[in-house]
Amino acid sequence: MAGEGLRERKKRQTRQHISDIATGLFLEHGFVTVTIADIASAADVSVNTVYNYFGSKEELFLDREDDAVEWLASAVRGRRAGESPAVAVLRALRAEVVAVSPRVGLIDGYERFMRVIEESQALRSRVFDMRRRAIDLLTDVLTEEAGEEQSPLPALVAGQLGWIQAHVVEHIQRELVAGRTAAETSRSALVVLDAIEGMLSDRLLEYGTRPAAV
């Protein structure tokens with residue numbers, strides 16, 4: 001990465017190595033069965049080293065948690081002039097789906113990842129918490145922009161946009177588990193996105209529209 005020092009690069013590489021080893025073990029043996037000691041041994045590092053990079057097994061499996069939690073807020077913060085939060089999220093989701101992006105689960109073999117989550121109550125709870133945190137973060141962004149802390153609208157809009165993202169991702173997961181390829185699922189997800197947009201009210205689609213550049 002540009003501007004990255006040797007020490008930072010080694011730390012990033014070590015973190016990724018541990019994560020890759022852990023994911024492989026989880027997929028092969030299941031989340032509950034694999035221990036931190038198993039991961040440390042397979043990665044040829046100490047248990048303490050694993051804990052230096054990851055606070056728990058859940059963090060090891062969901063190693064891109066921060067990116068997932070921040071995705072909605074980032075899409076809204078970066079929206080274009082004349083664009084509303086809802087339109088920005090729909091546009092960003094379409095871009096991910098068209099690109100057959102792993103960020104929305106569009107990767108062949110992803111159903112193995114999903115089965116590990118389904119078999120673990122701890123992981124299911126963590127994913128649910130990630131979605132809640134994503135909506136809370138988006139609520140904070142919309143509240144700050146609106147400048148009306150007592151208004152219920154930012155939370156309502158954030159909840160709707162969180163539902164849109166979750167519904168698309170869950171559709172993708174169901175299709176992959178059913179045996180569809182990532183490319184086939186991408187096409188069907190676009191149909192779902194079109195259907196969702198057609199159901200949204202003008203008030204939601206226009207809420208928080210960023211002023212057009214003068």
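The values are calculated or read from the model by the stated rules, or taken from the named source; none is laboratory data. Since this is a predicted model, take the numbers as computed values, not measurements. Quick reminder, even Gly has a Cβ in these numbers, built from the backbone with ideal geometry, and neighbours come from all protein chains shown. Heavy atoms of the whole protein, side chains included, go into the accessibility calculation; ligands, DNA and RNA do not. Shrake-Rupley method; radii C 1.70, N 1.55, O 1.52, S 1.80 Å.
For the stretch 30-150, calculate the relative contact order in percent as a whole number, restricting contacts to Cα pairs under 8 Å that are 6 or more residues apart. Working shown, then result.
On the way: 64 pairs, mean separation 37.3, N = 121.
Worked out over the stretch 30-150, it gives 31 percent.
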Exercise. Please identify the longest segment of the chain free of exposed GluC sites (Glu not before Pro), where exposed means a DSSP state other than H, G, I, E or B and no more than 15 other Cβ atoms within 10 Å.
Key: 5-118
Practice problem: Kindly write out, for the stretch 155-170 in residue order, the coupling ³J(HN,Hα) from the Karplus curve 6.51 cos²θ - 1.76 cosθ + 1.60 (θ = phi - 60°), rounded to whole Hz, with x marking Gly and Pro. | Solution: 5, 5, 5, 4, x, 5, 5, x, 5, 4, 4, 4, 5, 5, 5, 5
Self-check item: Hull volume in cubic angstrom per residue (convex hull over the Cα atoms of the chain)
Solution: 157
Quiz prompt | Net charge of Cβ neighbours under 12 Å - reference Thr181; Lys, Arg +1; Asp, Glu -1 | solution = -2
Quiz prompt | Interchain or long-range residues, amide H under 5 Å from Glu83's placed H | solution = Arg210
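Run the numbers on the chain and let me know its relative contact order in percent, using alpha-carbon pairs under 8 Å that are six or more apart.
26
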Quiz item: Excluding ligands and nucleic acids, what accessible area in Å² is computed for Asp136 using a 1.4 Å probe, to the nearest 10?
Solution: 70
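Can you work out the FRET efficiency for the pair Ala81 and Ile36, with r the C-beta to C-beta distance and R0 = 35 Å, to the nearest 0.05? Show your work: numbers first, answer last.
On the way: r = 48 Å, r/R0 = 1.38.
For Ala81 and Ile36, the calculated efficiency is 0.15.
Put Thr209, Thr185 in order of accessible area, largest first, 1.4 Å probe: what do you get? Working shown, then result.
Values: Thr209 65, Thr185 0 Å².
The ordering from most to least exposed comes out as Thr209, Thr185.
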Quiz prompt | Qualifying trypsin sites (Lys or Arg not before Pro) in the stretch 1-64, DSSP loop, other Cβ atoms within 10 Å at most 12 | solution = Arg64
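What net charge is computed for the residues neighbouring Phe128, neighbours being all others with C-beta under 15 Å from the C-beta of Phe128, Lys and Arg scored +1, Asp and Glu -1?
Numbers: positive: Arg124, Arg126, Arg131, Arg132, Arg133; negative: Glu58, Glu65, Glu118, Asp129, Asp136, Glu170.
Here the charged neighbours net out to -1.
Per residue, how big is the convex hull of the stretch 152-214 when only Cα atoms are used? Give it in Å³. Intermediate values should be presented prior to the final figure.
Numbers: hull volume 6.6 nm³, N = 63.
Enclosed volume per residue, from the Cα hull, is 106 Å³.
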Quiz item: Leu190 versus Val177, label points 7 Å from Cα toward the beta carbon: distance in nm?
Solution: 2.6
Exercise. List, in order, the whole-Hz ³J(HN,Hα) value for each residue of the stretch 74-87 obtained from phi through the Karplus relation with A = 6.51, B = -1.76, C = 1.60 and θ = phi - 60°; use x for Gly and Pro.
Key: 5, 4, 6, 4, x, 5, 7, 4, x, 10, 8, x, 5, 5
Quiz item: What list of ³J(HN,Hα) couplings, whole Hz, do you get for the stretch 13-26 from phi and the Karplus terms 6.51, -1.76, 1.60, once you set θ to phi - 60° and write x for glycine and proline?
Solution: 5, 5, 4, 5, 4, 4, 4, 5, 4, 4, 4, x, 5, 4
